[in-house]
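Visitor: This is the structure I want to talk about, given as structure tokens.
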Amino acid sequence: MASASPETGRVKIRCLSFASTLLALSCTAGALAAAEAAPAAASSDWRDQVIYFVMIDRFDDGDPSNNDQGAGEYDPASAAHFSGGDLAGVRRRLDYIQGLGATAVWITPPVANQWWDGKVGYGGYHGYWASDFKSVDAHFGTLAEYRALADALHAREMKLVQDIVVNHTGNFFGYDHTRDPADPATGYWANTVSRPMAAPTQSPFSLNDPRRAADRAAGIYHWTPPIADFTRREQELGHALADLDDLDTENPQVRRALRDSYGHWIREVGVDAFRVDTAFHVPADYFRDFLHADDAAAPGVLAVARAAGNPDFHVFGEGFGVDKPYADTLARKIDGYLRDAQGPILPGMINFPLYGGFGDVFARGRPTAELAHRIRSTMAIHADPHRMPTFVDNHDVERFLAGGSEAGLRQALLAMMTLPGIPVIYYGTEQGFRGQRTAMFAGGYGSGGRDHFDHGAPLYRFLADVTALRRAQPLLSRGAPTVLRDSAAGAGVLAWRTDHEGQSALVVFNTDDQPRLLDNLDTGLAPGTTLSLLHAIAGPAPPAQLDAEGRLTVVLPPRAGLVWLAGDVDAVAVATPHAGAITLDPLPGTPRRGALVLSGQASGVRGFQLLVDGAIGSAQRVRPGPDGRWGATLDTARWVDPSVRHRVVAWAPGTGVVSQGRHFTVDPLWRLAGRVSDAAGDDTGRSGRYVYPASAGWRQHRPGDLRALQAEVSGGSLRLTMQMASVVADWNPPNGFDHVNFTVFLTLPGRDGGARVMPLQQASLPGDQRWHYRWRLGGWTSAGFSAEGATATLEGSGVIPAPQVAVDRERHTITVTLPAESMAFPEDLTGARVHVTTWDYDGAYRALQPEPGGHQFGGGATTDPKVLDEATLVIEPAH
């Protein structure tokens, strides 16, 4: 395949070898096609860009003299403090970034920030707590150094994206319970433990004390407490997000000051694009003013960019959140910031729902139909998805590798590079980072004392290849995908065809850790169309050939990711119909419980295999009778989702003979297998001294207080229901609950091995218990692991699929279904031991310290067990 050389711009050809090459498959032809399509010069079109996203403080330290500003804010041993990265560090690593194939660099806000907030015990190293929107923070350098970074990027024909905030400043004030909406001075408190300033230093944002008549009259802020209910739009728009002082963006003075502040960076530095943080927290119509205001003193930022000679200036917003499977609520909300009945609003929005699909399918083994839906909805809902940035992880969410495998990450990155949108690579992804905000440089937080700028790292090389593939093929950056095959049953096949200006490509994945059969894929291409391999994640690539009807049948290796370019029609290459044939008799339309009886007719084959959902590893062998009739029985106990339509086919390996598919559904039988009660109010840790964090939403609800644990089994699958003191969903999580994370440990009877250590929780299981499987379940994400490789700091080996989660807030229950597949299909769970703990998780298990913080648990040493409440249950035999 083709990859661009950063030194010369030329394209190097590197073909993957494989055992058999057919007329319809030519690696050489595909690589040459990529080479011929490579752009001669850098494109200014944002659809052609690949963005590398840098958190300034955690990327590289180019000037150690600016690290410690003397306010107690610098401590590279702490995740909450500044680490020392700066603009000079970004500039000196541009060779590294460009070597990946990135064409733009997005940096977190470089503006002057609140350095330390003693109220929450956290620092503003990330850049989103502004004190002055027009000054460079002293930790990051100077205006001259910012200009030098922009100049260096532009000299390479690369672009600079600046992260900006229009919704809030830092946390300089708040309200207590006596707040009176009619009098903003009542209940107001000033943050006296803010460092290095007590209020923003830039006018008019410095007018932040309603006890002063002039500040109250200016109305720069909304004078509101933190958001308590994210489902209420008035709170989302007008209350403080995470205690950050909420600006009144309807106020003309605020609007002008923000336009002036951000126009400054376009004029003075030459910024090429803005990413707008927390866009959902300001009205969508605000952005018409921000972009297009006709104000000579402070014009809209697009007018400033045009005047600066940049007519291609891009602005994209962040609308945080992901949709539930097959839902489009967030996607439509995002589209409401792109356009409304009056016309266009923002040129782009980050495609958060697509991120959710990438993680669920490639990291957590969820049904590929979920990502297929997301692809279809992206194309149906958004008018211009090609200018919407896409990503697989970033600074606000868990790293992909925190719960997913490297094989899954490669698939997610290839999918991102072959779908509409502007791909965004979060720093450290190319080095296999698992920590959310780990530093790249030796002196920074979590770096392990060494630099991580390794051009030879396997993921770095992989990303360089797939970015080169995308940049060499406008079909991939401009094309429209049509989903051809997906699976609602779980991990497996996902295939789409991408079309653009008369060209087509096939993109095919197998998200399972076992081989899968892709059968009878109607490609929509003409019979005899040649397929040239552009990319295979891991060779050798399987042979591929379209049949006489333009269909493709191919065995996909585990975790395969393949891109074929459709070529000319070659009549000689049209496959000859096979002499053999297999048919399946129609199946009853009612859901099946227990045995499923199959029958049919076969000719020209001595035997074949029955495959459900393409799974070759669990295929059942069948030999037809002398008259060609055959019959077989399938046990349906391994499937437990009654909503899923499973697909069964008959396949004769080596002959090319495969039947048409038949569908069936199941009706699983769940039996109660145990229930234990847990004392109320014992959510105080093993020592009995732990207390909840101080911020709202914790102590009054006691979200970690486990009251009962119930288990049900169906075959080898397990369903657990946790009865809680309350179920909180203040932060609008997709799984329906927050402020608590469950860690489930399963010990299988009669199985050796296992681990006692509870990874990342600074604890071990009670007594002599050992676990074989473990799941981390939260409102935002979940992940499963086997005990293989588990240590105090490593979670073990990932397992899929992830659990299904259901929440009943009225009954205070959270139910998780653990599929038998994630436990290697145990025959019987009788005697298995289940141990459940509660804590909370936000990229890591939340901190524990002697005194509670805003979002830190208190009452223990920093090294004490991170266990709030716990319960154990043993699976009982059937009665």
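Visitor: Taking the condition of being open to solvent by 20 Å² or more (accessible area, probe 1.4 Å) and part of a loop (DSSP other than H, G, I, E, B), how many residues in the range 285-301 meet it?
Guide: Total meeting the criteria: 6.
Visitor: I would also like to ask the following. Given (1) open to solvent by 20 Å² or more (accessible area, probe 1.4 Å); (2) outside any loop (DSSP other than H, G, I, E, B); (3) modelled with pLDDT of 50 or more, where does LYS12 come up short, assuming only one miss?
Guide: For LYS12, the failing item is (3).
Visitor: On the given criteria, is ASP86 under 23 Å from ASP396 (Cβ atoms), over 26 Å from the mean Cα position of the chain (by Cα) and modelled with pLDDT of 95 or more?
Guide: Yes; evaluated as a whole, the condition is true for this residue.
Visitor: How about the range 860-879: which of its residues are over 28 Å from LEU720 (Cα atoms) and open to solvent by 30 Å² or more (accessible area, probe 1.4 Å)?
Guide: Answer for the range 860-879, where residues must be over 28 Å from LEU720 (Cα atoms) and open to solvent by 30 Å² or more (accessible area, probe 1.4 Å): ALA861, THR862, THR863.
Visitor: Residues being touching a Lys or Arg at 6+ places or on another chain (Cβ under 8 Å) and not β-branched (Val, Ile, Thr): count how many of those fall in the range 266-295.
Guide: So the count comes out to 10.
Visitor: Tally time: how many residues in the range 770-787 are in contact with a Phe, Trp or Tyr (Cβ under 8 Å, 6 or more places away or on another chain) and not small (Gly, Ala, Ser)?
Guide: Number of matching residues: 7.
Visitor: Could I ask something else about it? Could you please give the count of residues in the range 740-771 that are under 24 Å from ARG399 (Cα atoms) and either open to solvent by 10 Å² or more (accessible area, probe 1.4 Å) or assigned to a loop (DSSP other than H, G, I, E, B) (or both)?
Guide: 7
Visitor: Of everything in the range 848-859, what is modelled with pLDDT of 95 or more and surrounded by 20 or more Cβ atoms within 10 Å (Cβ to Cβ)? Give them in sequence order.
Guide: Selection gives LEU848, PHE857.
Visitor: With in contact (Cβ under 8 Å) with a residue 60 or more places away in the chain, within 24 Å of PRO367 (Cβ to Cβ) and of a type outside the set (Asp, Glu) as the only criterion, which of THR743, THR781 stands out?
Guide: Sole residue among the options that is in contact (Cβ under 8 Å) with a residue 60 or more places away in the chain, within 24 Å of PRO367 (Cβ to Cβ) and of a type outside the set (Asp, Glu): THR781.
Visitor: I need the full set of residues from the range 177-194 which are open to solvent by less than 50 Å² (accessible area, probe 1.4 Å) and within 11 Å of PRO225 (Cα to Cα), in order please.
Guide: Within the range 177-194, PRO184, GLY187, TYR188 meet the criteria.
Visitor: Separate question: Which fully enclosed helices (runs of 4 or more DSSP H) of the range 197-282 have 2 or more residues being β-branched (Val, Ile, Thr)?
Guide: Here the list reads 252-268.
Visitor: Give the range 390-433 a look and list any residue that's of a type in the set (Ser, Thr, Tyr) and closer than 15 Å to TYR52 by Cα, or say none.
Guide: Of everything in the range 390-433, those that are of a type in the set (Ser, Thr, Tyr) and closer than 15 Å to TYR52 by Cα turn out to be THR390, TYR426, TYR427, THR429.
Visitor: Still on this structure, please answer the following. Test of understanding: among ARG387, ARG339, which residue is in contact with a helix residue (DSSP H, G or I) (Cβ under 7 Å, 6 or more places away or on another chain) and modelled with pLDDT of 95 or more?
Guide: ARG387
Visitor: Let me ask another. Assigned to a helix (DSSP H, G or I), of a type in the set (A, V, I, L, M, F, W, C) and either touching a residue at least 60 places away in the same chain (Cβ under 8 Å) or open to solvent by 50 Å² or more (accessible area, probe 1.4 Å) (or both): which single residue out of VAL361, VAL304, VAL322 fits that description?
Guide: VAL361
Visitor: For a quick check of your reading of the model, give me the residue pairs whose first member lies in the range 689-703 and is over 17 Å from TRP731 (Cα atoms) and at pLDDT below 95, whose second is open to solvent by 10 Å² or more (accessible area, probe 1.4 Å) and outside any loop (DSSP other than H, G, I, E, B), with beta-carbon atoms closer than 8 Å and at least 6 apart or on different chains.
Guide: Within 8 Å, no pair qualifies.
Visitor: Could you pull out every one of the helices (runs of 4 or more DSSP H) wholly within the range 393-507 that has 3 or more residues that are surrounded by fewer than 22 Cβ atoms within 10 Å (Cβ to Cβ)?
Guide: Ranges flagged: 406-418, 458-472.
Visitor: Identify all residues within the range 567-585 that are more than 21 Å from VAL622 (Cα to Cα) and either modelled with pLDDT of 95 or more or part of a loop (DSSP other than H, G, I, E, B) (or both); write none if there are none.
Guide: Of everything in the range 567-585, those that are more than 21 Å from VAL622 (Cα to Cα) and either modelled with pLDDT of 95 or more or part of a loop (DSSP other than H, G, I, E, B) (or both) turn out to be ASP570, VAL574, ALA575, THR576, PRO577.
Visitor: If the requirement is being of a type outside the set (Asp, Glu) and either open to solvent by 30 Å² or more (accessible area, probe 1.4 Å) or out of contact with any strand residue (DSSP E or B) (no Cβ under 8 Å at 6 or more places or on another chain) (or both), which of these qualifies: GLY789, GLY784?
Guide: Unique residue meeting the criteria: GLY789.
Visitor: Could you tell me whether SER643 is closer than 30 Å to SER714 by Cβ, polar (S, T, N, Q) and modelled with pLDDT of 95 or more?
Guide: no
Visitor: Further, regarding this structure: List the strands (runs of 3 or more DSSP E) that sit entirely inside the range 586-626 and contain at least 1 residues that are modelled with pLDDT of 95 or more, open to solvent by 60 Å² or more (accessible area, probe 1.4 Å) and not small (Gly, Ala, Ser).
Guide: 595-603, 620-622
Visitor: Right, GLY84: buried (at least 23 other Cβ atoms within 10 Å of the Cβ), assigned to a helix (DSSP H, G or I) and small (Gly, Ala, Ser) or not?
Guide: No, not satisfied.
Visitor: If you don't mind, another one. Can you name the number of the only condition in (1) surrounded by 20 or more Cβ atoms within 10 Å (Cβ to Cβ); (2) of a type outside the set (S, T, N, Q); (3) within 22 Å of GLN710 (Cα to Cα) that VAL807 fails?
Guide: (1)
Visitor: Out of everything in the range 820-837 that is open to solvent by 20 Å² or more (accessible area, probe 1.4 Å) and modelled with pLDDT of 95 or more, what residue ends up being farthest from GLY754 (Cα to Cα)?
Guide: Residue satisfying both the conditions and the ranking: THR830.
Visitor: May I ask you to list the residues in the range 508-532 that are touching a helix residue (DSSP H, G or I) at 6+ places or on another chain (Cβ under 7 Å), open to solvent by less than 20 Å² (accessible area, probe 1.4 Å) and farther than 26 Å from ASP641 by Cβ?
Guide: Within the range 508-532, GLY528, SER532 qualify.
Visitor: What pairs come out if I take residues in the range 200-229 that are more than 21 Å from GLY127 (Cα to Cα) and of a type in the set (S, T, N, Q) and pair them with residues that are open to solvent by less than 50 Å² (accessible area, probe 1.4 Å) and modelled with pLDDT of 95 or more whose C-beta lies under 9 Å away, six or more apart or interchain?
Guide: THR224/TYR175; THR224/PRO184; THR224/GLN235; THR224/GLY238; THR224/HIS239; THR224/ALA240; THR224/ASP246
Visitor: Within the range 646-658, can you find the residues that are among the small types (Gly, Ala, Ser) and at pLDDT 95 or above?
Guide: Passing the criteria: ALA650, ALA652.
Visitor: From the list ASP132, ASP95, ASP117, ASP68, exactly one residue is free of Cβ contacts under 8 Å to residues at least 60 places away in the same chain, out of contact with any Cys (no Cβ under 9 Å at 6 or more places or on another chain) and not aliphatic (A, V, I, L, M). Which is it?
Guide: ASP68
Every residue, every condition in (1) under 21 Å from PHE453 (Cβ atoms); (2) surrounded by fewer than 22 Cβ atoms within 10 Å (Cβ to Cβ); (3) at pLDDT below 95, yes or no:
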| residue | (1), (2), (3) |
| --- | --- |
| SER43 | no, yes, yes |
| GLY99 | yes, yes, no |
| ALA102 | yes, no, no |
| ASP117 | no, no, no |
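The values are calculated or read from the model by the stated rules, or taken from the named source; none is laboratory data. Predicted, not measured: the structure shown is a model, and the values here were computed from it. Here Cβ is always computed from backbone atoms with ideal geometry, including for glycine, and neighbour counts include all displayed protein chains. Accessible surface areas use protein heavy atoms only, side chains included; no ligands, DNA or RNA. Shrake-Rupley method; radii C 1.70, N 1.55, O 1.52, S 1.80 Å.
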